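The values are calculated or read from the model by the stated rules, or taken from the named source; none is laboratory data. Predicted, not measured: the structure shown is a model, and the values here were computed from it. Cβ placement follows ideal geometry from the backbone for every residue including glycine, while neighbour counts extend to all protein chains displayed.
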């Protein structure tokens with residue numbers, strides 16, 4: 001699918017006539033791939049890298065354009081089961097137009113970064129800046145989910161909550177790798193600013209973007225370390241909860257067994273006390289109830 005965007009009053013808007021300096025190819029079909037390779041001279045391997053979620057970020061200089069592959073978080077859905085995934089995107093900047101290649105439709109042009117656009121160079125830089133902001137938003141969500149799962153683990157013994165935490169920890173590992181990969185691209189963009197033709201404002205924006213990305217890296221590392229360090233403690237909590245439940249069930253079983261023992265003794269077919277007593281049934285019942293009360297008192301006094 002192809003979308004065309006124009007720059008109007010500092011914003012990107014859909015082009016009604018199918019023309020514009022920014023072309024977005026979403027899961028390009030065979031004809032669109034052929035146009036990108038044959039007409040725009042985009043390397044086929046680089047084009048495939050734009051659609052490969054496992055591809056690393058990089059910046060390449062071609063004779064007629066600049067190719068950038070960067071990482072961005074995929075949109076999360078319930079079927080992902082607490083696993084946050086990472087995707088790739090390709091941006092190909094020519095002299096007068098920009099081609100963006102995505103494996104799936106995503107809101108990559110939303111947010112405050114796209115409010116003051118003056119040129120395709122601005123769009124080129126703000127695409128990766130939007131990816132950084134998207135990572136930060138997902139990190140906040142991961143932190144909230146982690147706190148909720150921790151509360152569930154403290155109350156329940158089910159393994160699913162612990163497995164969900166494993167998924168979150170795995171997501172943070174992927175995120176950290178992707179953000180580090182983007183940082184290498186930002187560094188190369190800074191070093192090649194003069195070659196690309198960035199303005200002074202673009203260079204300053206690159207500095208701000210690198211600071212934001214470094215903060216994102218640090219935040220991801222903190223969340224990852226916290227999850228990793230607390231996994232053993234949370235597993236111990238589950239084990240401790242299980243021991244408490246087993247102890248409670250054992251005490252309840254003892255409290256039930258003692259009255260059963262009393263009744264069983266007086267049910268034997270031999271001569272026993274109270275056999276001829278007119279209130280034998282009442283006496284045996286009181287003995288059975290008393291045994292449970294004694295266990296309950298011991299339970300309370302010794303804080304079992």
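Points worth noting:
- Filter result for residue 175 (at pLDDT 85 or above, touching a strand residue (DSSP E or B) at 6+ places or on another chain (Cβ under 9 Å), crowded, with 19+ Cβ neighbours inside 10 Å and in a helix (DSSP H, G or I)): yes
- Hits in region 36-58 (condition: in contact with a strand residue (DSSP E or B) (Cβ under 9 Å, 6 or more places away or on another chain) and over 30 Å from residue 175 (Cα atoms)): 40
- Residue ID - surrounded by the most Cβ atoms within 10 Å (Cβ to Cβ), chosen from residues in region 2-55 that are over 33 Å from the mean Cα position of the chain (by Cα) and assigned to a strand (DSSP E or B): 7
- Against the test of being at pLDDT 70 or above and assigned by TED's automatic domain parsing to the domain that holds residue 161, the options 228, 288 yield a single qualifying residue, 228.
- Number of the exception - residue 190 against (1) touching a helix residue (DSSP H, G or I) at 6+ places or on another chain (Cβ under 7 Å); (2) touching a residue at least 24 places away in the same chain (Cβ under 8 Å); (3) under 30 Å from residue 122 (Cβ atoms): (2)
- Hey, residue 249 within 30 Å of residue 151 (Cα to Cα), modelled with pLDDT of 75 or more, within 60 Å of the chain's Cα centre (by Cα) and in a helix (DSSP H, G or I) or not: yes
- Single residue of 125, 162 found to be within 26 Å of residue 92 (Cα to Cα) and touching a residue at least 12 places away in the same chain (Cβ under 8 Å): 125
- Here the condition is being over 22 Å from residue 55 (Cα atoms) and over 23 Å from the mean Cα position of the chain (by Cα); of 201, 150, 137, 212, it holds for 201 alone.
- Going through (1) over 30 Å from residue 125 (Cβ atoms); (2) outside any helix (DSSP H, G or I); (3) modelled with pLDDT of 75 or more one by one, residue 254 falls short only on (2).
- Among the conditions (1) modelled with pLDDT under 90; (2) in contact with a helix residue (DSSP H, G or I) (Cβ under 8 Å, 6 or more places away or on another chain), residue 80 misses just one, which is (2).
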